[in-house]
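**Student:** The following block contains the structure, expressed as structure tokens.
The values are calculated or read from the model by the stated rules, or taken from the named source; none is laboratory data. Note that the structure is predicted; figures quoted are calculated from it, not measured. Don't worry about glycine lacking a Cβ; one is built from the backbone with ideal geometry, like all the others, and counts go over all protein chains shown. Heads up: the accessible areas ignore ligands, DNA and RNA and are worked out on the full protein's heavy atoms, side chains in. Shrake-Rupley method; radii C 1.70, N 1.55, O 1.52, S 1.80 Å.
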Amino acid sequence: MGVIDEVHGDLDADISLDEFRDAVEEKVEQMGGLADEETAAMLIAHELDESEVNGVADIEPGIEEVKFVAKVTSIGDVRTFERDGDDAEDGHVLNVDVADETGSIRISLWDEQAQAADEQLETGQVLRIKGRPTDGYSGTEVNVDQVEPDEDTEVDVQVQDSYSVSDLSLGLSDVNLQGKLLDTGTVRTFDRDDGSEGRVANLTVGDETGRIRITLWDERADAAEELDPDIAVEIVDGYVRERDGNLELHVGNRGAVEEIDADIEYVPESTSIADLEIGDTADIVGVIRSTDPKRTFDRDDGSEGQVKNVRVQDETGDIRVALWGEKADRELAPGDKAAFADVSIKDGWADDIEASAGWQSTISVLDSDSPTDAGSDDADETAQSETGLDAFGNGSDGSGGSGDSGGDDAERATDSGATTETMTTTTTADGEYVEFTGTVVQAGNPVVLDDGEETVSVETNADVHLGQEVTARGERRGGKIDAEDVF
């Protein structure tokens, strides 16, 4: 066995012995006799090893040549362009998106290759590719020198016409997905390396299988401020990327986000409040029991921030959730059932824990009958009892009215499920001295108590907490008690 055969036998690169011999002879000729066959063979072997990459994720501009195997995920149209020179023939280019288990990348085929691929290439086909990486419009691209089908290699990347959230994997492109719009963000601007201004915004979409963050770029970013949560949307021609260990679906100028007429169910997973621990990033589903006014503050850099605290309760306990930045603008009212996704659990005030909802978090107001993994019939009854917080939802002070507005109280109770007859038989006459025992479903002043049959507002400065059973003693007028004592 000659030295060329030995060097070739040690190669990991996919190149035939005849091709390797030709490359060695060419290298010897290029070096003008300064290298013998053994030296030339070692140089060629080094170049070949450098061009082999472990996956698409390793490809970047600056590498002279790469060889890799990937699956076709989408095929563009052949475009024709004019070359410089009066006698120059028109050029042709075909862009193809390919992917492996590590990521996706666009490859460009030119002229005869482009025309042949347009007729023969199919989505889902596995290709063995050799080319030169370059910095393209949508990121790193590869200008193809050689390409051929590889029927013997498996590439674990799904390719289909439409996807659900659970189908998505890193490297997918040309993704169409329908889902329920759960949350929207604002458009942010940034400076690109070339001096131009870019625009980006985020949405969160969910379906029966899960949820995913959508990142909208440039012209598509406006959709984040034009669309409202709770509608059904379709993501067209998205591509999957990874950020902080999580998959995201990106939409550039080739893609779109469109409102559709569809009924798409999203069932959030959640962790019971009693099971939350400091350091967790968790999803919480519960009923809003109280909301504080939004507050503004000055950051160290001189900018103004804002925060709003809400108290959320499920059947296992309650927790304060701090809504930061644009999340503080969300309209949440006592009695709303809401899901808080990707919140950080931190050490709170008075040895308690609290949840923090920042820009990466998602806030969704749910239908009152939406099921939850951590929920139960008891939780739904708490949230939707006939005389629960809904009876107080329209009062400007949250108290449910005064003795002068008993008719309004009855109307609100009727709207939330109680009848006027029930209201008459369960309401004590105005001015009567009473004791009322119930569970605290809203803390602060007023305190709201619920005994399972009716809900009353209690004017008191007593220090009580959500879920505590207390007795209020004092003069009652309509649905309100002016408490002398709470114990």
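**Student:** Quickly rank 251-257, 121-127, 151-157 as a protection proxy: mean count of other C-beta atoms within 10 Å, highest first. It would help to have the intermediate numbers written out before the result.
**Tutor:** Working: 251-257: 18.7, 121-127: 15.7, 151-157: 12.7.
Output ranking for 251-257, 121-127, 151-157: 251-257, 121-127, 151-157.
**Student:** I would also like to ask the following. How much length, in nm to one decimal, is gained on full extension between residue 218 and residue 17, taken as 0.36 nm per residue of separation minus their Cα-Cα distance?
**Tutor:** Separation in residues times 0.36 nm, less the Cα-Cα distance, equals 67.4 nm.
**Student:** Tell me whether segment 141-232 comes out rounded, prolate or oblate; compute the Cα gyration tensor, take square roots of the eigenvalues as a ≥ b ≥ c, and use a/c under 1.5 as the rounded threshold. Mind dumping the intermediate values first?
**Tutor:** Details: a/c = 3.44, a/b = 1.29, b/c = 2.66.
Oblate.
**Student:** List the residues, sorted by chain then number, that are 5 or more residues from residue 178 or on another chain and whose placed amide H is less than 5 Å from its amide H.
**Tutor:** Those lying under 5 Å, H to H, from residue 178 are 163, 235.
**Student:** While we're on this one: So what's the gap between the Cα centers of segment 189-227 and segment 293-316, to the nearest angstrom?
**Tutor:** Going from one Cα centre to the other spans 24 Å.
**Student:** Okay, next question. Amide H of residue 270 versus every other amide H placed in the peptide plane: which residues, excluding those fewer than 5 positions away on the same chain, fall under 5 Å?
**Tutor:** Those lying under 5 Å, H to H, from residue 270 are 373, 374.
**Student:** Return, ordered by residue number, the residues of segment 163-183 whose backbone nitrogen is under 16 Å from a label point located 7 Å along Cα→Cβ of residue 242.
**Tutor:** Answer for this model: 168-173.
**Student:** For a Förster distance of 41 Å, can you work out the FRET efficiency between the beta-carbons of residue 160 and residue 197, rounded to the nearest 0.05?
**Tutor:** Using R0 = 41 Å, I get an efficiency of 0.70.
**Student:** Let me ask something else about it. I'd like to compare 77-88, 434-445: which one has the highest average count of other Cβ atoms within 10 Å, and what's the full order after that?
**Tutor:** The most tightly packed comes first, giving 434-445, 77-88.
**Student:** Along the Cα→Cβ direction, 7 angstrom out, place labels at residue 118 and residue 146. What is the inter-label distance in nm?
**Tutor:** With each label placed 7 Å out from Cα toward Cβ, I get 2.6 nm.
**Student:** Within segment 265-303, report the trypsin sites (Lys or Arg not before Pro) that DSSP leaves as loop and that have at most 15 other Cβ atoms within 10 Å.
**Tutor:** 294, 299
**Student:** Could you sort the peptides 325-337, 172-184 by per-residue average Cβ neighbour count (10 Å cutoff), highest mean leading?
**Tutor:** Order by mean packing, descending: 172-184, 325-337.
**Student:** For segment 338-346, what does the Karplus curve 6.51 cos²θ - 1.76 cosθ + 1.60, with θ = phi - 60°, yield as ³J(HN,Hα) per residue in whole Hz, taken in order and with x for Gly and Pro?
**Tutor:** 9, 10, 10, 9, 6, 9, 9, 8, 10
**Student:** How far, in nm, would the chain grow between residue 225 and residue 187 when pulled straight, counting 0.36 nm per residue and subtracting the alpha carbon separation?
**Tutor:** 12.9 nm
**Student:** So, one more: If each of residue 275 and residue 80 carries a label point 7 Å out from its Cα toward its Cβ, how far apart are those two points in nm?
**Tutor:** 6.3
**Student:** Quick query: amide H of residue 170 versus all other amide H atoms, modeled in the peptide plane; which residues come in under 5 Å with a sequence gap of 5 or more or a different chain?
**Tutor:** Counting only residues 5 or more places away or on other chains, the set is empty.
**Student:** Sorted by accessible area (1.4 Å probe), largest first, how do 465, 92 line up?
**Tutor:** 465, 92
**Student:** I need the calculated FRET efficiency for the pair residue 90 and residue 38, taking r as the beta carbon distance and R₀ as 45 Å, to the nearest 0.05.
**Tutor:** 0.45
**Student:** May I ask you to derive the relative contact order of segment 230-332, considering only C-alpha pairs under 8 Å and at least 6 residues apart, and to give it as an integer percent?
**Tutor:** Relative contact order comes out at 18 percent.
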